[in-house]
Amino acid sequence: MDSAFALYHSLGLDAIKSGYVTDTITGGHSHWSQRMVQHYRHVIEKAAQYHIMLDVHEPIHDTGERRTYPNMNEPRRRARAGIQRLGRRRR
């Protein structure tokens, strides 16, 4: 993971989109299991070390990560505010 974030940083990328398109990961662990929560926190911490913002597609439930790591952006919360729909309005 360090090498990936180091590469992104060296290329000047300051944000990446991440996410998992399943409710169950290898080993039968739930997307919202303790193992995945620990994984997400590890990814958030590594991204912060390299000054990279995460735009997470399917984030874990809100448990304070956004407060501790402001580099974590969650589109689901933007969608709740209706921001994503603004560009879809018909004129």
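Of all residues in the range 22-40, none satisfies being at pLDDT 90 or above and assigned to a loop (DSSP other than H, G, I, E, B). Within the range 39-60, residues that are on the phi > 0 side of the Ramachandran plot sit with their Cβ atoms under 8 Å from residues that are polar (S, T, N, Q), at 6+ positions apart or across chains, in these pairs: 51/71.
The values are calculated or read from the model by the stated rules, or taken from the named source; none is laboratory data. Since the model is a prediction, treat every value here as computed from it, not as a measurement. Positions of Cβ are generated from backbone atoms using ideal geometry, with glycine treated the same way; all protein chains shown enter the neighbour counts.
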